[in-house]
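Enquirer: For reference, the structure I am asking about is given below.
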């Protein structure tokens, strides 16, 4: 990540007595507070946080990358469709619409003013894709599947059918067969364990005294700009904002102020730095579980590569 304001010294937040005494209100355990008293959290403003794509976390290492997930979807489609052809059927290939953002870009709410001006609180569209085009593709994906005969959908999912065209349908249907070739169960890739750990680290950081104080600063800044919200979550959830299509001027203005106020309070840096510590702790505590998960992810990535090479 590149440094913003290179001449600015490191902001040092001493997590000493004030954090320990405020522990009861922050949701932290005595163990966390004790750990905080033994070290100093150093936070530096970095422009990478405000591009979103550069936000990295320790638990990211235990999941497929964005590129690997793209390959996974492609391989599952190719394998399942080959199975479908064996029954004299076809399954439409979905049209991909992948956001330009990174996996953690929205973990702390909107962070990139370049995107808020165009998309408000909505997820940025792929480069060069308009709102109208995105809506059209979404409708096409839905309609192409909906228009299929029920029997075709049943063979694909394995629901309500055991045989078709004189052949036995695989458990979980053709999609389940594709998952099986990749060494996965009939329901496919799941990430329940990792999702739970990610949420725990996010939630504990969100309720840390330093983050709570930064949210108060953020709220005051938003109020000065004419937007009354207690938390960033409240701003995102405002029913006034459209969930599809071009955002209103009010949404663009509010979301852009949201980013500016996060900068002023250094909310993202603080939240991220504390969550990194939380995830490092979880990695130590859940070493056995995560070691197994890491092995599974590596095996899946390897199998995806093999299937692509064979195809």
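The values are calculated or read from the model by the stated rules, or taken from the named source; none is laboratory data. Keep in mind that what you see is a predicted model, and the values were worked out from it rather than measured. When we count neighbours, we look across all protein chains shown, and the Cβ atoms used for this are built from the backbone with ideal geometry, even at glycine.
Enquirer: From the set of residues in region 84-104 that are buried (at least 18 other Cβ atoms within 10 Å of the Cβ) and at pLDDT 90 or above, which is nearest to residue 173 (Cα to Cα)?
Expert: In this case the residue turns out to be 84.
Enquirer: Follow-up question, since we're still on this one. Looking at the structure I just gave you, is residue 188 out of contact with any strand residue (DSSP E or B) (no Cβ under 9 Å at 6 or more places or on another chain), over 30 Å from residue 278 (Cβ atoms) and either free of Cβ contacts under 8 Å to residues at least 60 places away in the same chain or in a loop (DSSP other than H, G, I, E, B) (or both)?
Expert: Details: out of contact with any strand residue (DSSP E or B) (no Cβ under 9 Å at 6 or more places or on another chain): yes; over 30 Å from residue 278 (Cβ atoms): no; either free of Cβ contacts under 8 Å to residues at least 60 places away in the same chain or in a loop (DSSP other than H, G, I, E, B) (or both): yes.
In short, no.
Enquirer: Just one of (1) at pLDDT 95 or above; (2) more than 23 Å from the chain's Cα centre (by Cα); (3) surrounded by 14 or more Cβ atoms within 10 Å (Cβ to Cβ) trips up residue 215, so point out which.
Expert: Evaluating residue 215 over (1) at pLDDT 95 or above; (2) more than 23 Å from the chain's Cα centre (by Cα); (3) surrounded by 14 or more Cβ atoms within 10 Å (Cβ to Cβ) leaves (2) as the failure.
Enquirer: Something else now. Kindly check whether there is at least one residue in region 114-122 that is touching a helix residue (DSSP H, G or I) at 6+ places or on another chain (Cβ under 7 Å) and within 30 Å of residue 310 (Cα to Cα).
Expert: Taking region 114-122 as the starting set, the residues that turn out to be touching a helix residue (DSSP H, G or I) at 6+ places or on another chain (Cβ under 7 Å) are 116-117, 120-121.
Next, from what is left, pick out any that are within 30 Å of residue 310 (Cα to Cα): none.
Checking region 114-122: not a single residue is touching a helix residue (DSSP H, G or I) at 6+ places or on another chain (Cβ under 7 Å) and within 30 Å of residue 310 (Cα to Cα).
Enquirer: While we're looking at this one, here's another question. Take residue 107 and tell me if it is surrounded by fewer than 16 Cβ atoms within 10 Å (Cβ to Cβ), over 17 Å from residue 246 (Cβ atoms) and in contact (Cβ under 8 Å) with a residue 24 or more places away in the chain. Please lay out each step first, then the result.
Expert: Numbers: surrounded by fewer than 16 Cβ atoms within 10 Å (Cβ to Cβ): no; over 17 Å from residue 246 (Cβ atoms): yes; in contact (Cβ under 8 Å) with a residue 24 or more places away in the chain: yes.
When the stated conditions are applied, residue 107 does not pass them.
Enquirer: Find all pairs meeting these conditions: Cβ atoms under 7 angstrom apart; at least six residues apart or on different chains; first residue within region 128-142 and in contact (Cβ under 8 Å) with a residue 60 or more places away in the chain; second residue in a helix (DSSP H, G or I) and surrounded by 11 or more Cβ atoms within 10 Å (Cβ to Cβ).
Expert: If the second residue must be in a helix (DSSP H, G or I) and surrounded by 11 or more Cβ atoms within 10 Å (Cβ to Cβ), no pairs are left.
Enquirer: Within region 110-125, can you find the residues that are surrounded by 18 or more Cβ atoms within 10 Å (Cβ to Cβ) and within 16 Å of the chain's Cα centre (by Cα)?
Expert: Of everything in region 110-125, those that are surrounded by 18 or more Cβ atoms within 10 Å (Cβ to Cβ) and within 16 Å of the chain's Cα centre (by Cα) turn out to be 110, 111, 112, 121, 122, 124, 125.
Enquirer: Could you tell me which numbered condition residue 128 fails, if it satisfies all but one of (1) exposed (fewer than 14 other Cβ atoms within 10 Å of the Cβ); (2) on the phi > 0 side of the Ramachandran plot; (3) modelled with pLDDT of 75 or more?
Expert: It is condition (3) that residue 128 fails.
Enquirer: Just to be sure, is residue 209 in contact (Cβ under 8 Å) with a residue 60 or more places away in the chain, in contact with a helix residue (DSSP H, G or I) (Cβ under 6 Å, 6 or more places away or on another chain) and farther than 30 Å from residue 306 by Cβ? So that I can check it myself, show each step before the final result.
Expert: Values: in contact (Cβ under 8 Å) with a residue 60 or more places away in the chain: yes; in contact with a helix residue (DSSP H, G or I) (Cβ under 6 Å, 6 or more places away or on another chain): yes; farther than 30 Å from residue 306 by Cβ: yes.
The answer is yes for residue 209.
Enquirer: Looking for whichever is over 18 Å from residue 230 (Cα atoms) and either out of contact with any helix residue (DSSP H, G or I) (no Cβ under 7 Å at 6 or more places or on another chain) or surrounded by fewer than 18 Cβ atoms within 10 Å (Cβ to Cβ) (or both) here; the options are 275, 251, 269, 292. Which one fits?
Expert: Details: 275 fails: either out of contact with any helix residue (DSSP H, G or I) (no Cβ under 7 Å at 6 or more places or on another chain) or surrounded by fewer than 18 Cβ atoms within 10 Å (Cβ to Cβ) (or both); 251 fails: over 18 Å from residue 230 (Cα atoms); 269 fails: either out of contact with any helix residue (DSSP H, G or I) (no Cβ under 7 Å at 6 or more places or on another chain) or surrounded by fewer than 18 Cβ atoms within 10 Å (Cβ to Cβ) (or both).
Only one candidate qualifies: 292.
Enquirer: Residue 300 - would you say it is surrounded by 19 or more Cβ atoms within 10 Å (Cβ to Cβ) and under 23 Å from residue 68 (Cβ atoms)? Spell out the reasoning first.
Expert: Working: surrounded by 19 or more Cβ atoms within 10 Å (Cβ to Cβ): no; under 23 Å from residue 68 (Cβ atoms): yes.
Taking the combined requirement at face value, the residue does not satisfy it.
Enquirer: Here is a further query. Being touching a helix residue (DSSP H, G or I) at 6+ places or on another chain (Cβ under 9 Å), modelled with pLDDT under 95, more than 27 Å from residue 295 (Cα to Cα) and surrounded by fewer than 18 Cβ atoms within 10 Å (Cβ to Cβ) is the requirement here; does residue 220 meet it? Walk me through how you get there before you give the answer.
Expert: Numbers: touching a helix residue (DSSP H, G or I) at 6+ places or on another chain (Cβ under 9 Å): yes; modelled with pLDDT under 95: no; more than 27 Å from residue 295 (Cα to Cα): yes; surrounded by fewer than 18 Cβ atoms within 10 Å (Cβ to Cβ): yes.
Criteria not met by residue 220.
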